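*Asks:* Quick one: structure below, then a few questions.
The values are calculated or read from the model by the stated rules, or taken from the named source; none is laboratory data. Note that the structure is a prediction, hence the values are computed from the model and not measured. Quick reminder, even Gly has a Cβ in these numbers, built from the backbone with ideal geometry, and neighbours come from all protein chains shown. When the accessible area is computed, the model is the full protein with side chains, heavy atoms only, and any ligands, DNA or RNA have been set aside. Shrake-Rupley method; radii C 1.70, N 1.55, O 1.52, S 1.80 Å.
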Amino acid sequence: MRALRILLILVVILGGLFVIADRVAVHFAEGEAADKLKATEHLASTPDVDIKGFPFLTQVAGGSLDDVRVGIKDYDAATGEPGRTLRIDDLQADMLGVDFSGDYSSATAATATGTATVSYGELLKAAKSEPTDVGLGVQAQVVGLSDGGNGKIKVAIRVKGSIVGAVPVDRTVSVLSTVTVRDDRVQVHADGLPVIGGLTLAENRVRAITDFQQAIDRLPGGIKLDEVRAAADGVEISVKGSDVKLAG
């Protein structure tokens, strides 16, 4: 009986030591992975890396991690235009089935999904900022974007000029727009066109102002845009990918 008690005590002690060693190892690995990701993606700050699953050491022995979650506070995505980037806020990615090389220099996730936000201020940069002739002696420009409710973007347009040279106008009108994703581009398309002074302006000219798109390229690890939706603080985007490079 005494021997059994001693054996149980030893099992508890060894189990506790294993848990401590496992947690120390995972904490070290998370730090190393974060530093590697920062260097690989040229990030301004160190990302958050959270390795899920227990025990960690048995996953390492098998050469694959079940679930790794990555958080990047601010990420400057390419826009396809030289010298211009788009700031993406709070990028959160969940990577499943992460295989790593024998020397731990690279890691690839079988699949990845995630979310992020593009502020309305950032997206506004894709719209025409200068006044543009839309006919009838009127110029227009997009001056603001905001949440229009029900997944729509409210596009504020300043209209200024003199309608057919007789009726002066200088006011801001709004249209609700649908936002979608196509070919790695966020597209904003007005559901309807504004009426100024009881007159409907030429559609092609107005849509050159109200409708615009923004490319979002080279996201971390090669993940791609999937879906997009207007929200209170900006456009919420969903991303996904396969064979996603976590490091290396």
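*Asks:* Return the total of residues in the range 58-77 being of a type in the set (A, V, I, L, M) and loosely packed, with under 15 Cβ neighbours inside 10 Å. Give the steps one after another, and end with the answer.
*Replies:* Initial filter on the range 58-77 (of a type in the set (A, V, I, L, M)): 60-61, 65, 68, 70, 72, 77.
Going one step further and asking which of them are loosely packed, with under 15 Cβ neighbours inside 10 Å, we end up with 61.
Qualifying residue count for the region: 1.
Okay, residues lined up against (1) within 30 Å of Gly222 (Cα to Cα); (2) at pLDDT below 90; (3) open to solvent by less than 50 Å² (accessible area, probe 1.4 Å):
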{"residue": "Val138", "(1), (2), (3)": "no, yes, yes"}
{"residue": "Lys152", "(1), (2), (3)": "yes, no, no"}
{"residue": "Ser162", "(1), (2), (3)": "no, yes, yes"}
{"residue": "Val167", "(1), (2), (3)": "no, yes, no"}
{"residue": "Arg171", "(1), (2), (3)": "no, yes, no"}
{"residue": "Asp183", "(1), (2), (3)": "yes, yes, no"}
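*Asks:* State which residue is farthest from Asp233 (Cα to Cα) when the search covers only the range 69-95 and only residues that are assigned to a strand (DSSP E or B) and among the acidic types (Asp, Glu).
*Replies:* Taking the range 69-95 first, the residues assigned to a strand (DSSP E or B) are 69-78, 85-95.
Among the residues that remain, those that are also among the acidic types (Asp, Glu) are: 74, 76, 89-90, 94.
Details: Asp74: 15, Asp76: 18, Asp89: 11, Asp90: 12, Asp94: 22 Å.
Step by step, filter the range 69-95, then rank; the result is Asp94.
Residue by residue, here is whether (1) without any contact (Cβ under 8 Å) to a residue 60 or more places away in the chain; (2) basic (Lys, Arg) holds:
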residue: Gly71; (1), (2): yes, no
residue: Thr85; (1), (2): yes, no
residue: Val98; (1), (2): no, no
residue: Ser101; (1), (2): no, no
residue: Ser119; (1), (2): no, no
residue: Leu124; (1), (2): yes, no
residue: Ser162; (1), (2): yes, no
residue: Arg171; (1), (2): yes, yes
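*Asks:* Looking only at residues that are among the hydrophobic types (A, V, I, L, M, F, W, C) and open to solvent by 40 Å² or more (accessible area, probe 1.4 Å) in the range 40-57, which one is farthest from the chain's Cα centre (by Cα)? Don't jump to the end; show me each part of the working.
*Replies:* The initial filter retains those residues of the range 40-57 that are among the hydrophobic types (A, V, I, L, M, F, W, C), namely 43-44, 49, 51, 54, 56-57.
Cutting the leftovers down to open to solvent by 40 Å² or more (accessible area, probe 1.4 Å) gives us 44, 54, 57.
Details: Ala44: 16, Phe54: 29, Leu57: 32 Å.
Out of the qualifying residues, it is Leu57.
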